[in-house]
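Note sheet for the following structure.
The values are calculated or read from the model by the stated rules, or taken from the named source; none is laboratory data. Everything numeric in this text was worked out from a predicted model, so none of it was measured. Glycine gets a Cβ as well: all are built from the backbone with ideal geometry, and neighbour counts include every protein chain shown.
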Amino acid sequence: MVDVNTEDILILALETSCDETSAAVVENGRRVRSNIISSQIDIHKKFGGVVPEIASRKHVELILPVVGQALEEASVTLDQIDVIAVTYGPGLAGALLVGLSAAKALAFATGKPLVGVHHIEGHIAANYLEHEKLEPPFICLVVSGGHSHIVYVADYNDFEIMGQTRDDAAGEAFDKTARALGLGYPGGPLIDVQAGTGNSFAVDFPRVYFSDGSLDFSFSGLKTAVLNYLNSNAQKGTEISIPDVCASFQQAVVDVLVHNTIRAAEQKGVKQIALAGGVAANSQLRSSMKKAAAEIGAEMFYPRPVFCTDNAAMIGAAAYYGYKAGKISGLDLNAIPGLKLGSACG
């Protein structure tokens, strides 16, 4: 256990797991002093998704300027920083290595402790930045382009996965459906906008619930059903309503996410439910989950959109609680692209 005194702890956090280069200064795991995000969406948009090699090269270009900007905006020097934190997995290998190399260099040069952070733990901790009263235990639904997890947060550093995707992540299904509809990338926000004027009951897309009582997800069948619907209508020469398809698809995803999350909360007997990850910004998911949570007497929490997508502030929040628990990483910490939730950092 690290002897953390009662003085304020400033953490410089780095996040480069995918296509956002981000650095932030976070105070005591709750207060964001700065949160700089350089997004590569415009670069990858023409490819319809993230190109790992391009993402890695952009991280190399941007990481030091972004760190400098984060320190400047927080009005602190590197000497005033207490801890260096960084995402070390899961994510794209090359992208992770850029942030990890920079963080280890900073820790070595300054003699500051290094804390490796699990990316999903970061997403969960994003809620601490927004909701001062939120404390474990609670259920958190983490949904993004790469992850769909129902997590029981027993304590700040104690996580139990109660459900996860068996194939496509929710965000991935959004992206692929948007691509099939010719809407562009990233698909989530574009489908959300289209769905706002559509009929969510226009097309009866499938919902997958496992008969063995599992809280896992499966969205590949839904994605295939959308493609089959589009191809069938194209062959018949029948015009489709894009807003109706988007609304029906989105409702199918949200119904399963909400149903399984509420079941998890009931199984654990908790009255706090949080959302995290890029898909947590979806308007239908927020409204449906809030309504379902109220029906079981649970309170609903979610971060503002800037903290839903990948950002370093959430990594700083998670690192604070890891640091207090004595989770210090060595300078031999390596990137682990397939890191499982609950794994100990090296």
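Could you please find all residues in the stretch 1-21 being of a type in the set (A, V, I, L, M, F, W, C) and modelled with pLDDT under 95? Can you show your working first?
Of the stretch 1-21, the ones of a type in the set (A, V, I, L, M, F, W, C) are 1-2, 4, 9-14, 18.
Listed by number, the residues that qualify are M1, V2, V4, C18.
Return the residue satisfying two criteria in turn: it lies in the stretch 73-99 and is among the β-branched types (V, I, T) and not in a helix (DSSP H, G or I), and of such residues it is surrounded by the most Cβ atoms within 10 Å (Cβ to Cβ). Lay out the reasoning, then the answer.
Pass one, the stretch 73-99, residues among the β-branched types (V, I, T): 76-77, 81, 83-84, 86-87, 98.
Filter once more, keeping what is not in a helix (DSSP H, G or I): 76-77, 81, 83-84, 86-87.
Details: V76: 17, T77: 9, I81: 21, V83: 23, I84: 25, V86: 31, T87: 33.
Residue satisfying both the conditions and the ranking: T87.
Can you name the residue in the stretch 265-290 that is in a strand (DSSP E or B) and among the hydrophobic types (A, V, I, L, M, F, W, C) and is also nearest to A313 (Cα to Cα) among such residues? Walk me through how you get there before you give the answer.
Initially, the stretch 265-290 is screened for residues in a strand (DSSP E or B), giving 272-276.
Add one more test, that the residue is among the hydrophobic types (A, V, I, L, M, F, W, C), and what stays is 273-276.
On the way: I273: 21, A274: 17, L275: 16, A276: 13 Å.
Restricting to residues being in a strand (DSSP E or B) and among the hydrophobic types (A, V, I, L, M, F, W, C), the top hit is A276.
Working carefully through the options S200, S214, S232, find the one that is surrounded by 15 or more Cβ atoms within 10 Å (Cβ to Cβ), among the hydroxyl-bearing types (S, T, Y) and over 21 Å from the mean Cα position of the chain (by Cα). Break it down stepwise before answering.
Working: S214 fails: surrounded by 15 or more Cβ atoms within 10 Å (Cβ to Cβ); S232 fails: surrounded by 15 or more Cβ atoms within 10 Å (Cβ to Cβ).
S200 is the lone residue from the list that is surrounded by 15 or more Cβ atoms within 10 Å (Cβ to Cβ), among the hydroxyl-bearing types (S, T, Y) and over 21 Å from the mean Cα position of the chain (by Cα).
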Tabulated pairs, the stretch 49-69, first more than 12 Å from A102 (Cα to Cα) and assigned by TED's automatic domain parsing to the domain that holds S34, second assigned to a helix (DSSP H, G or I) and of a type in the set (F, W, Y), C-beta under 8 angstrom, 6+ apart or interchain: none
Condition met for D192 (at pLDDT below 95 and among the acidic types (D, E)): no
Test result for V258, closer than 21 Å to A294 by Cβ, part of a helix (DSSP H, G or I) and out of contact with any Lys or Arg (no Cβ under 9 Å at 6 or more places or on another chain): no
Unmet criterion (only one of (1) closer than 20 Å to A281 by Cα; (2) among the aliphatic types (A, V, I, L, M); (3) outside any helix (DSSP H, G or I)) for I240: (1)
Residue list for the stretch 271-281, filter: crowded, with 18+ Cβ neighbours inside 10 Å and either at pLDDT below 95 or over 20 Å from the mean Cα position of the chain (by Cα) (or both): G277, G278, V279, A280, A281
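Can you confirm whether the stretch 95-103 contains a residue that is over 15 Å from D310 (Cα atoms), at pLDDT below 95 and assigned by TED's automatic domain parsing to the domain that holds A313? Full working, then the answer.
The initial filter retains those residues of the stretch 95-103 that are over 15 Å from D310 (Cα atoms), namely 97-98, 100-103.
In the following step, the residues that additionally are at pLDDT below 95 were identified as none.
No; the residues of the stretch 95-103 include none that is over 15 Å from D310 (Cα atoms), at pLDDT below 95 and assigned by TED's automatic domain parsing to the domain that holds A313.
Listed residues A325, A319, A313; which is over 21 Å from V254 (Cα atoms) and surrounded by fewer than 21 Cβ atoms within 10 Å (Cβ to Cβ)? It would help to see each step written out before you state the result.
Values: A319 fails: surrounded by fewer than 21 Cβ atoms within 10 Å (Cβ to Cβ); A313 fails: surrounded by fewer than 21 Cβ atoms within 10 Å (Cβ to Cβ).
A325 is the lone residue from the list that is over 21 Å from V254 (Cα atoms) and surrounded by fewer than 21 Cβ atoms within 10 Å (Cβ to Cβ).
A quick yes/no check of all residues on (1) closer than 21 Å to G29 by Cβ; (2) of a type in the set (A, V, I, L, M, F, W, C); (3) touching a residue at least 24 places away in the same chain (Cβ under 8 Å):
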| position | (1), (2), (3) |
| --- | --- |
| C246 | no, yes, yes |
| A252 | no, yes, yes |
| S288 | no, no, yes |
| A319 | yes, yes, yes |
Qualifying residue in the stretch 247-254 (condition: surrounded by fewer than 21 Cβ atoms within 10 Å (Cβ to Cβ), in contact with a Phe, Trp or Tyr (Cβ under 6 Å, 6 or more places away or on another chain), in a helix (DSSP H, G or I) and not β-branched (V, I, T)): no
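Is it fair to say F138 is surrounded by fewer than 20 Cβ atoms within 10 Å (Cβ to Cβ), modelled with pLDDT of 95 or more and among the aromatic types (F, W, Y)?
It is false that F138 is surrounded by fewer than 20 Cβ atoms within 10 Å (Cβ to Cβ), modelled with pLDDT of 95 or more and among the aromatic types (F, W, Y).
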Subset of the stretch 26-72 (residues that are outside any strand (DSSP E or B), among the polar types (S, T, N, Q) and modelled with pLDDT under 95): Q40, S56
Per-region count, the stretch 289-307, residues among the hydrophobic types (A, V, I, L, M, F, W, C), in contact with a strand residue (DSSP E or B) (Cβ under 7 Å, 6 or more places away or on another chain) and within 18 Å of I120 (Cα to Cα): 1
Test: L183 is hydrophobic (A, V, I, L, M, F, W, C), out of contact with any Gly (no Cβ under 8 Å at 6 or more places or on another chain) and at pLDDT below 95: yes
Residue in the stretch 296-314 that is among the acidic types (D, E), part of a helix (DSSP H, G or I) and modelled with pLDDT of 95 or more present: no
Selection within the stretch 144-163 - in a strand (DSSP E or B) and more than 27 Å from Y323 (Cβ to Cβ): S148, G163
